[in-house]
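Q: Here it is: the structure, laid out below.
The values are calculated or read from the model by the stated rules, or taken from the named source; none is laboratory data. Please read these numbers as outputs of a predicted model, since none were measured by experiment. As a convention, Cβ positions derive from the backbone with ideal geometry for all residues, glycine included, and neighbour counts pool all protein chains shown.
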Amino acid sequence: MGIPTLWNLPRRPQWIKSTLSYSNGACVEVASLPGGHIGVRNSRDSSGPVLKFTPDEWHAFIGGVRNGEFDRFAARAKGAPGPVG
């Protein structure tokens, strides 16, 4: 099947990004895709690859985010101790 892109999706999704995204476009965008899937893409490459998740995969990921399971991947404030990741 390959990596979905905007060019091979049956219709143009309505992409949204967080209101916390930086003005330089350093953010991801999320959209509902056909078949109930969820798409994620890099906002700086709007015609590039789209990661496609099932609803179950997406809910598991969002649940992990809410539970703080991915906090170690967050960018640390300048001068904060410890490595990222």
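Q: Can you list residue pairs whose Cβ atoms sit under 7 Å apart, with the first residue in the range 60-85 being closer than 19 Å to Ser21 by Cα and the second being assigned to a helix (DSSP H, G or I) and at pLDDT 85 or above? Count only pairs 6 or more apart in sequence or on different chains.
A: Phe70/Gly64
Q: Take the residues in the range 39-48 that are of a type outside the set (D, E, K, R) and within 22 Å of Ala74 (Cα to Cα), then tell me which one is farthest from the chain's Cα centre (by Cα).
A: The extreme case among them is Ser43.
Q: Residue check: is Ser46 at pLDDT 80 or above and not in a helix (DSSP H, G or I)?
A: Here the answer is yes, as Ser46 does meet what is asked.
Q: Go through the range 49-79 residue by residue and tally those that are outside any strand (DSSP E or B) and either of a type in the set (Phe, Trp, Tyr) or touching a Lys or Arg at 6+ places or on another chain (Cβ under 8 Å) (or both).
A: Result for the range 49-79: 5.
Q: Which of the residues belonging to the range 1-14 are surrounded by fewer than 11 Cβ atoms within 10 Å (Cβ to Cβ) and at pLDDT below 75? Spell out the reasoning first.
A: Pass one, the range 1-14, residues surrounded by fewer than 11 Cβ atoms within 10 Å (Cβ to Cβ): 1-3, 7-8, 10-12, 14.
Scanning the range 1-14 gives Met1, Gly2, Ile3, Trp7, Asn8, Pro10, Arg11.
Q: Which one is modelled with the lowest pLDDT among residues in the range 15-34 that are touching a strand residue (DSSP E or B) at 6+ places or on another chain (Cβ under 6 Å) and outside any strand (DSSP E or B)?
A: Lys17
Q: Still on this structure, please answer the following. Kindly establish whether Ser43 is of a type in the set (Ser, Thr, Tyr), closer than 18 Å to Leu20 by Cα and either without any contact (Cβ under 8 Å) to a residue 24 or more places away in the chain or surrounded by 15 or more Cβ atoms within 10 Å (Cβ to Cβ) (or both).
A: Yes, satisfied.
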